[in-house]
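Undergrad: Questions regarding the structure given below will be posed in turn.
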Amino acid sequence: MALGKYSRIDNNRRSSLSYCSTVTMVVFVALCLVGVWMITSSSMVPGQNDVPAQENKNEVKEPVTDSMASNTRQTDSTESNARQFEDSPGDLPEDATKGDSSENNDNNNNNNSAPENQEKKSNEETNQEVQQTQDGETEGGDSKTQNAESETGETKSGDSENDSGGRGGSEDNSTEKKTDSDDNEKKSDSDEMNRKSDDKGDKKSDSDNLEEDEKKPDADNNDMKSDNSGETKDDGQIEEKVDETNKKESDNSSDEQKDGGKATNQSSNEVFPLGAQSDLLNETTTQNGSWLTQAAESKNEKEAQQSSKQKSEYTWKLCNATAGPDFIPCLDNWQAIKSLRSTKHYEHRERHCPEEPPTCLVPLPQGYKRSIEWPKSREKIWYYNVPHTKLAQLKGHQNWVKVTGEYLTFPGGGTQFKHGALHYIDFINESVPDIAWGKRTRVILDVGCGVASFGGFLFDRDVLAMSFAPKDEHEAQVQFALERGIPAISAVMGTTRLPFPGRVFDIVHCARCRVPWHIEGGKLLLELNRVLRPGGFFVWSATPVYQKLAEDVGIWKAMSELTKAICWELISINKDTVNKVGVAIYRKPTSNDCYEKRSQQDPPICSQSDDPNAAWNVPLQACMHKVPTNSSERGSQWPEQWPARLEKTPYWLLNTQTGVYGKPAPEDFTADYTHWKRVVSKSYLNGMGINWSLVRNVMDMRAVYGGFAAALKDLNVWVMNVISVDSPDTLPIIYERGLFGIYHDWCESFSTYPRSYDLLHADHLFSKIKNRCSMVAVMAEADRILRPEGKLIVRDKVEIITELEKIARSMQWEVRMTYSKDKEGLLCVQKSIWRPKEVETITYATA
C-alpha cells in the first residue's frame, strides 16, 4: 500500500516542477510509513521495479549500484527522524537513481498516467529538504546538480557550452558520453546522500542555484571542475541542458549562438541535440511551461544592460565644418589659420592640427556612388563623388578636367602637356635616355601635380609618382587624383621640410608648379636637393625655360646661378614641338668634389649634426647636405634596377645592425618579406572575401619594411606606406626597394581628403599608439579616409581586436572576419554608408 503510494508520488515529482499547497498531516503519515518500510525491506524494492527496456543501460552501472548500496548501509546506522524525509538510493526504485537516462524512458509512461497523477498533486507537496533532494536526482534536465554546488561552492553558467564544444557532434560520440553520464550520475547521487546526512541545512532551491550561476563571470567558464570523480561529465551535460532550455525559452531560437556573423567555437549538438539529448531538451521545455527561469530572466537583463552600456560607450555625431564632406582637420583649422602672423611662405596651406583630433564622422556628398574601377577611373569619375566644377572652368582648355554629364572626365592633359601625358613622358626619356623609366627610374616626386595625370600615366611605364599639391584655389585637385586612383597627398612647400627622408627620390618633377625656387637663398630648391638621390634628376618644365618675357628671363637667370651654386649639372634643354613647351633637366652630383671647389660657400654645407632624414615638423634651412662617400652608406650607390630592387636586400643594411624584429638587419628584411608573401597569398587574396578588382588605393598604416606592399606587386594597386613618427625609421628602406611612403603621427589627421582609400592595413599599429593616441579618434580618422564599402584589416593583440570590433560595430561597420590564436588576433571590417543623424559643430573648422 505504502509502496504503491510512494511510487506514484515519486513519478509525479519527476514530471512536474511546480507543487500544490502542503497537506502536512497526510505527507507526514505517508513518509513515516515509508521510513519503516525502508528499514525492514530495502532488498525487495529493486526487484519490483526492474524495467526491461533499460537493461542495456544498467549493464555499465552494476558496480555503482553496489557502491550505492554500501553507502546506504553506512548511513542507516546514523539515521534520525529528520532523515526519514530523505531518499536512500538503495531503498528507492532503480529508475529514481538513473538521472537523465532513465527519465527519458519514464516520461513516456508518465504521459499515460497523467489523469491519475493530476489527482495526486496535493500529495506531492513536501518540505524544502525533500524537494531539493529529489530535484537533484530526478530533474537533472532543469537544474544544476546539488553535488556540484556543495563540492565546488560555485558553478559557472557557461560551462555547458564549453563542455559541449569539446564533445563534438557525432552521434556515436554522443551515445558514449551519455553512458558515462549515467554512470557518474549514480555516483553523484550516492555521494550526495552521504553529505546530506552531515549537513541537512546546507540546501538551495533551483532558482537560487541558477541565480548564483549567473553571477559568476563568463571568463571562469572553463574552471568548473569538481574534485569529486563522479561529476566530471554529468554536470557539464546537465548544465548544457539548462543553458539550452533557457535559450529556447528566452530567445525562441538557439540559432543566436552566432553574433553578427562571427561563429562561436561550439559544436553543432548544442543547436541540434542528438538522441536522448533531444528528448531531454523537449521534456525540460515542457516542464518549464510558460514561465522563464530566474537564470534566463537574469541573463537576459544582464545582456541587455551590457549591450546598452557598450552602445552608450561609443556614440557618434556628424561633423559640421565649413569644408563639409571634404573636411581635412589639419588643413581646415580656420581658427589657427586666422591667427597666423603671416602667410608669405604659404603658412596657411600647411598643417595646423587641432589639440584634440575630431571624433565625429564626416558626411558623404549627396548622390555619392561607389568609385569607378581602375583603369577606367583614370579617364572618368562620378561627378557627385567630387562635385566641383571650378577647376573644369579654369583648366578645361588645358585638358585637365571636363564636365561630361554625370561624369568628370580627364583627357590626360596638363598645363605643360595639353596633348596627353604619355607623349610628354616619352619626350622626357628621349631627351635624357639615362632616365630609363621603369628601370633605373622607379620612384619620383611630382611637385604641384594638379590632377596628377602625369603620375597617372607613369603607371604605364612602371613608375610610381608621389604627387602633391596644396589645398588651394584649384579646388579639390588632389581629391580628383585620388578619386581617379592616382597617388597624391595635400601638401605645400612652405616653412617646413616635406615628410620624406633624405636621398630617396630618383627624379623630382615640376611642370608649371608655381614654386619660387630662386628666392630666399634657394631654400625651397635646397629642400628638393635633400630628398633627391645623388645622381638623380630634376625635371623642370616651366615658362622660364622657353619663354623670353622679362619676368621669365629674370627667373631663368636666377635659377641658373642657384643650380650652379648647388652643383646641379644642366644635362638637357629641349623643346617639345607637339606641346610647344621646353624642358630643362638637371642632375645632382654623386660626389662632394664640386662642393669643395666652390669659390663661395653659398649656400653653405649643413652642419654634421643636421640629419637629412629628420623631416617631421623640421623648419627649412638654406643649406646642403654632403653626398655620402662611404660605400656602405645609403646614397653612395644607385639602387638595383626595377624590379630586382624590390626583393634585393639594400646594400647598406649590415649584419652588425639589429632589425626591427630583433634579427640582424638583412635577415630581418628577408624574413619580413617572406612573412608577408605568405600572409597575402594564403590569407588576404583568398581567405578574406575581398574582391581585389575593386581595390586600387591602399594604405599600410604601419609599414616597417614595406613587405606588405611588396607582396601586392602583381596586383593593380598602389600602397601608401606610412611610418609612424614614434616607430623605427625604416622609410628609406621602403624607397630603396622601389616603393614609396610618408612619415605621419597617427595622433593627428592624415593629409588627404575624405574617402581616399579602398583598403587600410594596420599591423600592430593600435597597440603601439594606444598609450598616447585616442583609439576612437584614430578609428574616426580611418572612417574619414576610407571609402564606403572599403576594408580595414587589423592584426594586433586580442584585447585590441576586441575593442576595435566594438568601435567598428558602433559605427555600423560590417565585421567580415575575426580570428584569434595565441593572444594574437585578426580583424577585417567593412565601412558602411551609414552616417549619424546628430550633428557636432567643429568650431575651429568654421570659417
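The values are calculated or read from the model by the stated rules, or taken from the named source; none is laboratory data. Here the structure is a predicted model, which is why all the values come from computation and not from measurement. Reconstructed Cβ throughout: ideal geometry from the backbone, glycine too, with neighbour counts over all protein chains shown. Surface areas here come from the heavy atoms of the whole protein model, side chains and all, with no ligands, DNA or RNA. Shrake-Rupley method; radii C 1.70, N 1.55, O 1.52, S 1.80 Å.
Undergrad: Taking the conditions exactly as written (modelled with pLDDT of 75 or more and on the phi > 0 side of the Ramachandran plot), does residue 324 satisfy them or not? Step through it out loud before you land on a result.
TA: Values: modelled with pLDDT of 75 or more: yes; on the phi > 0 side of the Ramachandran plot: yes.
So residue 324 fits the description; yes.
Undergrad: Taking the criterion of being closer than 25 Å to residue 386 by Cβ and part of a loop (DSSP other than H, G, I, E, B), would at least one residue in the range 796-812 satisfy it?
TA: Looking for residues that are closer than 25 Å to residue 386 by Cβ and part of a loop (DSSP other than H, G, I, E, B), one finds at least one in the range 796-812, hence yes.
Undergrad: Note down all Cβ pairs under 7 Å where the first residue falls in the range 381-395 and is touching a residue at least 12 places away in the same chain (Cβ under 8 Å), the second is part of a helix (DSSP H, G or I), and they're at least six residues apart or on different chains.
TA: If the second residue must be part of a helix (DSSP H, G or I), the pairs left are 381/483; 385/483; 386/479; 386/480; 386/483; 391/477.
Undergrad: Further question on the same structure: Can you pull out every residue in the range 352-394 that is modelled with pLDDT of 95 or more and among the polar types (S, T, N, Q)?
TA: Matches in the range 352-394: 359, 366, 371, 377, 385.
Undergrad: Let me ask something else. Can you tell me which of (1) open to solvent by less than 50 Å² (accessible area, probe 1.4 Å); (2) without any contact (Cβ under 8 Å) to a residue 60 or more places away in the chain is the one residue 533 doesn't meet?
TA: Status for residue 533: all satisfied but (2).
Undergrad: Of everything in the range 633-659, what is among the β-branched types (Val, Ile, Thr) and surrounded by 14 or more Cβ atoms within 10 Å (Cβ to Cβ)? Give them in sequence order.
TA: 649, the sole residue that qualifies.
Undergrad: Right, next: Only residues that are open to solvent by 10 Å² or more (accessible area, probe 1.4 Å) and on the phi > 0 side of the Ramachandran plot: list them for the range 439-463, please.
TA: Here is the first cut: in the range 439-463, the residues open to solvent by 10 Å² or more (accessible area, probe 1.4 Å) are 439-440, 442, 448-449, 457, 459-462.
Answer for the range 439-463, where residues must be open to solvent by 10 Å² or more (accessible area, probe 1.4 Å) and on the phi > 0 side of the Ramachandran plot: 448, 462.
Undergrad: Has the range 501-524 got at least one residue that is under 25 Å from residue 398 (Cβ atoms), among the aromatic types (Phe, Trp, Tyr) and modelled with pLDDT of 95 or more?
TA: yes
Undergrad: Follow-up. Of the conditions (1) open to solvent by less than 20 Å² (accessible area, probe 1.4 Å); (2) touching a residue at least 40 places away in the same chain (Cβ under 8 Å); (3) more than 23 Å from residue 499 (Cβ to Cβ); (4) in a strand (DSSP E or B), residue 791 satisfies every one except a single condition; which number is it?
TA: Failing condition for residue 791: (1).
Undergrad: Can you tell me which condition residue 504 does not meet? The list is (1) out of contact with any strand residue (DSSP E or B) (no Cβ under 6 Å at 6 or more places or on another chain); (2) without any contact (Cβ under 8 Å) to a residue 60 or more places away in the chain, and all the others hold.
TA: Here residue 504 clears every test but (2).
Undergrad: Another question about this same structure. Hey, any hits in the range 567-583 for a residue that's closer than 25 Å to residue 495 by Cα, modelled with pLDDT of 95 or more, out of contact with any strand residue (DSSP E or B) (no Cβ under 6 Å at 6 or more places or on another chain) and surrounded by 13 or more Cβ atoms within 10 Å (Cβ to Cβ)? Give the derivation first.
TA: Our first condition is that a residue be closer than 25 Å to residue 495 by Cα; within the range 567-583, this holds for 567-568.
When the remaining residues are screened for being modelled with pLDDT of 95 or more, the result is 567-568.
Of the ones still in play, those that are also out of contact with any strand residue (DSSP E or B) (no Cβ under 6 Å at 6 or more places or on another chain) are 567.
Those still in the list that are surrounded by 13 or more Cβ atoms within 10 Å (Cβ to Cβ) too: 567.
Yes, the range 567-583 contains a residue that is closer than 25 Å to residue 495 by Cα, modelled with pLDDT of 95 or more, out of contact with any strand residue (DSSP E or B) (no Cβ under 6 Å at 6 or more places or on another chain) and surrounded by 13 or more Cβ atoms within 10 Å (Cβ to Cβ).
Undergrad: Would you say residue 592 is in contact (Cβ under 8 Å) with a residue 12 or more places away in the chain, closer than 18 Å to residue 414 by Cβ and not β-branched (Val, Ile, Thr)?
TA: Numbers: in contact (Cβ under 8 Å) with a residue 12 or more places away in the chain: yes; closer than 18 Å to residue 414 by Cβ: no; not β-branched (Val, Ile, Thr): yes.
Criteria not met by residue 592.
Undergrad: Return the only residue of 604, 639, 619 being over 19 Å from residue 742 (Cα atoms), of a type outside the set (Asp, Glu) and within 43 Å of the chain's Cα centre (by Cα).
TA: 639
Undergrad: Does residue 757 qualify as being open to solvent by less than 20 Å² (accessible area, probe 1.4 Å) and in contact with a helix residue (DSSP H, G or I) (Cβ under 7 Å, 6 or more places away or on another chain)?
TA: Working: open to solvent by less than 20 Å² (accessible area, probe 1.4 Å): yes; in contact with a helix residue (DSSP H, G or I) (Cβ under 7 Å, 6 or more places away or on another chain): yes.
The answer is yes for residue 757.
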